[in-house]
Structures are given as structure tokens and as C-alpha cells.
Amino acid sequence: MKTIVKLNQVSVTFKKKKALANLDCELFAGEVVGLVGPNGAGKTTLMKTILGLVPASQGSIIGQEQKMASLIEQPGLYPFMTGLEHLELFSDQSCNQLEIDQLIQLLDLTEFINQKTKDYSLGMKQRLGIALALLNKPQLVILDEPMNGLDPYSVKLLKEAILIYRKAGISFLISSHILSELEQIVDRVLLVKAGELVENVEHPELLNDFEEGLLAKLA
Ligand SMILES: Nc1ncnc2c1ncn2[C@@H]1O[C@H](COP(=O)(O)OP(=O)(O)OP(=O)(O)O)[C@@H](O)[C@H]1O
Ligand SMILES: [Mg+2]
């Protein structure tokens with residue numbers, strides 16, 4: 001399997017707080033990897049470090065030159081622009097109008113795509129943020145708690161979109177506290193606790209009592 005990103009003994013320290021400690025991990029092409037762990041475990045920090053938004057204080061990262069896209073916590077949107085204007089603004093030469101239309105269909109944005117984002121609900125913003133992360137055929141898509149604020153229908157759309165893009169060879173790193181929602185889409189799960197990678201759980205293991213098994217490991 002082709003390696004997309006590889007972290008080697010990466011540590012991140014904020015002032016005196018060590019948010020990541022000697023973390024090793026590797027992401028491969030076309031896989032969907034879940035990232036779970038308690039509040040403050042270092043999930044968002046790990047994602048930002050991979051994206052180069054937070055510098056590693058120690059260790060090395062291979063693959064940061066890849067085309068990456070992300071939705072970290074909430075999307076940064078321009079309130080006086082419409083959803084469509086966002087998609088057009090952020091699309092690059094690899095993305096044509098047809099692909100924008102497909103994304104709008106896939107995440108069912110049609111009804112509000114021509115409204116200014118200041119009038120969007122939480123879930124509408126989130127759905128546009130996901131569409132923006134999928135724009136331009138990135139090699140790796142990092143989604144930090146993407147199910148936040150999504151209703152069950154939107155969660156279903158997101159899962160379908162992830163699986164479609166995965167088929168096209170795109171990798172995903174997705175954090176969530178709702179383990180059952182990850183279950184149907186992930187190939188494996190990384191478990192982070194107090195800045196350390198404590199477990200790399202392969203799918204077959206997950207199928208048996210996914211939630212209970214992980215909760216026991218997090219305890
Ligand atoms: N910019 C920052 N400055 C100082 N400390 C930070 C900063 N960002 C994160 N931290 C600390 O690093 C640790 C990991 O935070 P992080 O946001 O990565 O956790 P998380 O696993 O994403 O948690 P949650 O599930 O609540 O989103 C926490 O102790 C947090 O207080
Ligand atoms: Mg977080």
C-alpha cells in the first residue's frame with residue numbers, strides 16, 4: 001500500500017503542555033482511518049500537525065507535500081458570500097463546474113447553495129464545509145468531528161460521500177466521539193490518549209462490539 005503520510009516520533013508542546021508525545025503513525029492511500037480519544041487527548045492537534053498548521057517540536061513528518069484538505073472543528077466561511085460562491089472561490093484548476101455540481105448533489109446543498117452563509121444553520125455550514133474539503137481532489141481529507149450538528153440524513157450523505165471518494169483512492173482521517181457513526185465507514189481506528197497513540201485497531205476487531213471494545217480501551 002502506498003504511504004500518504006508518515007509521522008515518526010512526533011511531539012507537539014504548547015508552552016509546557018505536551019499535546020503529542022513521540023507519536024508514530026502512517027496513513028495509506030485510499031483508506032478511511034478513524035481517530036478517537038477522550039477530550040483533550042490530542043486528536044485536533046494531531047490533525048493540525050499533519051496539515052502543517054501546528055509545528056512539531058520533535059520528530060519528522062513525511063508526505064506533507066501531498067494535496068490535503070480539511071475541516072477542523074467548524075468551517076471558516078465568509079458570511080456575505082453564498083455557498084456556491086465559496087465553492088467557486090476555492091476551486092482550483094483540477095475542478096470544473098461539473099464537479100462542483102456533483103458535490104452539491106452529493107451533499108444535497110441545492111436548496112440553500114444560493115443563500116449567503118450568514119443565514120445558514122449549524123448543519124448547513126457543516127455540510128458546505130465538508131463539500132469544500134472534498135473540492136479539488138485532495139489526496140488526504142482530514143475531518144475533525146464532521147458529524148457535529150448534522151441530522152441523521154446528513155450523516156448518511158456524508159458517509160456515502162466518503163465512500164465514493166475513498167473508491168477514487170482518496171484517504172480520510174476522521175475524528176469522532178460517536179463511535180457507532182465511524183463503524184460503518186472506517187478501515188481502522190487510531191486511539192489517542194494523553195497525546196499518545198495507544199492502539200491501532202484493525203477493522204475485523206471492530207466488528208465485534210465496536211463501541212464497547214473501544215470504550216474499554218479508552219478507560
Ligand atoms: N493552541 C493551544 N495552546 C495551548 N494548548 C493547547 C492548544 N491547542 C491544544 N492545546 C492542548 O493540547 C491538548 C490536546 O488538545 P486537542 O484539541 O488536540 O484535543 P482533542 O483530542 O481534539 O479534544 P476534543 O475531543 O475535546 O476535541 C489539550 O490539553 C489542550 O488543552
Ligand atoms: Mg478536538
Among the candidates Leu20, Leu103, residue that is closer than 23 Å to Ser176 by Cα, of a type outside the set (S, T, N, Q) and more than 16 Å from ligand 2 (Cβ to nearest atom): Leu103
Some residue of region 150-170 being more than 16 Å from ligand 2 (Cβ to nearest atom), hydroxyl-bearing (Ser, Thr, Tyr) and under 18 Å from Ser94 (Cα atoms): yes
Residue list for region 178-194, restricted to those being of a type in the set (Asp, Glu) and within 19 Å of Leu27 (Cα to Cα): Glu183, Asp187
Single residue of region 178-204 satisfying the filter (surrounded by fewer than 21 Cβ atoms within 10 Å (Cβ to Cβ) and touching a Pro at 6+ places or on another chain (Cβ under 9 Å)) that is farthest from Lys17 (Cα to Cα): Lys193
Test: residue in region 54-66 that is within 19 Å of the chain's Cα centre (by Cα) and either within 22 Å of Gln126 (Cβ to Cβ) or within 16 Å of ligand 2 (Cβ to nearest atom) (or both): yes
Long-range neighbours under 7 Å by Cβ, at least six apart or interchain, first residue on the phi > 0 side of the Ramachandran plot within region 133-161, second of a type in the set (S, T, N, Q): Asn136/Ser91; Asn136/Ser94; Lys137/Ser94; Glu145/Ser175; Glu145/Ser176; Gly149/Gln126
Whichever residue in region 171-219 is small (Gly, Ala, Ser), outside any loop (DSSP other than H, G, I, E, B) and within 22 Å of Pro152 (Cβ to Cβ) and, among such residues, is modelled with the lowest pLDDT: Ser180
Considering residues of region 134-149 that are away from ligand 2 (no atom under 16 Å from the Cβ) and either crowded, with 21+ Cβ neighbours inside 10 Å or aliphatic (A, V, I, L, M) (or both) only, the residue nearest to the chain's Cα centre (by Cα): Val141
Residues of region 41-69 that turn out to be among the small types (Gly, Ala, Ser) and in contact (Cβ under 8 Å) with a residue 60 or more places away in the chain, as a count: 4
Members of region 30-75 that are within 15 Å of ligand 1 (Cβ to nearest atom) and either touching an Asp or Glu at 6+ places or on another chain (Cβ under 6 Å) or of a type in the set (D, E, K, R) (or both): Lys43, Thr44, Met47, Lys48, Ile72, Glu73
Among residues of region 77-107, those that are touching a residue at least 24 places away in the same chain (Cβ under 8 Å) and more than 16 Å from Tyr165 (Cα to Cα), counted: 13
Conditions (1) more than 23 Å from Leu53 (Cβ to Cβ); (2) surrounded by fewer than 17 Cβ atoms within 10 Å (Cβ to Cβ); (3) under 16 Å from the mean Cα position of the chain (by Cα); (4) among the basic types (Lys, Arg); number of the one not met by Lys118: (3)
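The values are calculated or read from the model by the stated rules, or taken from the named source; none is laboratory data. Computed from a prediction, not measured in an experiment: that's the story for all the values here. Every residue, glycine among them, receives a Cβ derived from its backbone with ideal geometry; neighbour counts consider all protein chains shown.
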